[in-house]
Amino acid sequence: MNKILTTATALLFAQVSFNATASETKPVVEVYKSASCGCCKQWIQHLETNGFEVEAHNVSDVSAARQALGMPQQLGACHTAKVENYLVEGHVPAADIRKLLKQKPDALGIAVPGMPPGSPGMESPNPVHYDTLLVGKDGKVKVFSHH
Ligand SMILES: [Cu+2]
């Protein structure tokens, strides 16, 4: 009996520490979107299949959420998000978010303004080239990566 209990306890601890490790390696992206936004859901799926954990919040006014977070409105897309201390606007590829979290630039965040066809969540037979922009704390942008 004692032995069984010990084994069960050991398994429980193994499970707990496994979960702790898994959540440490998965950055959480908090997404603000409207409930009816289909391409937002597609983007969330893209993040989840690429190792991010997503906390999605449906809001009635995405611009207000964007303003509250501090992302310039002219860079706006259909959803706005936060990961660690950075803002992520629009259909940004998961790889760019990884790059951001790895390089940790002194910046507000990254953005893909508008909704370019071919970006993650905006899959299209007619994809276009687009840039992910690095947004400075002063609101100035420069190209972070080209797609
Ligand atoms: Cu969209």
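Read-outs: derived from the displayed coordinates by stated rules, not from any lab. These numbers were taken from a predicted model, which means no experiment stands behind them. No Cβ is skipped: glycine too gets one built from the backbone with ideal geometry, and neighbour counts run over all protein chains shown.
Within the stretch 96-122, track down each residue that is within 11 Å of the ligand (Cβ to nearest atom) and either over 18 Å from M71 (Cβ atoms) or of a type in the set (D, E) (or both).
P117, P120, M122
Please tell me if Q67 is touching a residue at least 60 places away in the same chain (Cβ under 8 Å), of a type in the set (S, T, N, Q) and surrounded by 14 or more Cβ atoms within 10 Å (Cβ to Cβ).
Details: touching a residue at least 60 places away in the same chain (Cβ under 8 Å): no; of a type in the set (S, T, N, Q): yes; surrounded by 14 or more Cβ atoms within 10 Å (Cβ to Cβ): yes.
No; evaluated as a whole, the condition is false for this residue.
Here's a check for you: in the stretch 43-64, which residue that is under 16 Å from S119 (Cβ atoms) and within 14 Å of the ligand (Cβ to nearest atom) is surrounded by the most Cβ atoms within 10 Å (Cβ to Cβ)?
Among those residues, the one meeting the criterion is W43.
Name the one entry in G114, G118, G109 that is out of contact with any Gly (no Cβ under 6 Å at 6 or more places or on another chain) and either among the hydroxyl-bearing types (S, T, Y) or surrounded by 19 or more Cβ atoms within 10 Å (Cβ to Cβ) (or both).
Numbers: G114 fails: either among the hydroxyl-bearing types (S, T, Y) or surrounded by 19 or more Cβ atoms within 10 Å (Cβ to Cβ) (or both); G118 fails: either among the hydroxyl-bearing types (S, T, Y) or surrounded by 19 or more Cβ atoms within 10 Å (Cβ to Cβ) (or both).
Being out of contact with any Gly (no Cβ under 6 Å at 6 or more places or on another chain) and either among the hydroxyl-bearing types (S, T, Y) or surrounded by 19 or more Cβ atoms within 10 Å (Cβ to Cβ) (or both) holds for just one of G114, G118, G109, which is G109.
Only one residue in A77, A81 is among the small types (G, A, S), in contact (Cβ under 8 Å) with a residue 24 or more places away in the chain and more than 18 Å from S145 (Cα to Cα). Which one?
On the way: A77 fails: more than 18 Å from S145 (Cα to Cα).
Going through A77, A81 in turn, the sole match is A81.
Is there any pair linking a residue in the stretch 27-42 that is among the polar types (S, T, N, Q) to one that is more than 13 Å from the ligand (Cβ to nearest atom), with Cβ under 7 Å and at least six apart or on different chains, and which?
Here the result reads S34/N58; S34/V59, each pair linking the stretch 27-42 to a residue that is more than 13 Å from the ligand (Cβ to nearest atom).
Identify all residues within the stretch 70-103 that are surrounded by fewer than 14 Cβ atoms within 10 Å (Cβ to Cβ) and closer than 18 Å to A56 by Cβ; write none if there are none.
The answer is E84, and nothing else.
Filter the stretch 68-87 for residues that are within 16 Å of the ligand (Cβ to nearest atom), in contact with a Pro (Cβ under 7 Å, 6 or more places away or on another chain) and part of a loop (DSSP other than H, G, I, E, B) and give the result.
G76, A77
When the stretch 88-146 is examined, which residues are found to be assigned to a helix (DSSP H, G or I) and not hydrophobic (A, V, I, L, M, F, W, C)? Full working, then the answer.
Within the stretch 88-146, the subset assigned to a helix (DSSP H, G or I) is 94-103.
Listed by number, the residues that qualify are D96, R98, K99, K102, Q103.
State yes or no: is G90 within 15 Å of the ligand (Cβ to nearest atom), touching a residue at least 40 places away in the same chain (Cβ under 8 Å) and under 14 Å from the mean Cα position of the chain (by Cα)?
Details: within 15 Å of the ligand (Cβ to nearest atom): yes; touching a residue at least 40 places away in the same chain (Cβ under 8 Å): no; under 14 Å from the mean Cα position of the chain (by Cα): yes.
No: the conditions fail for G90.
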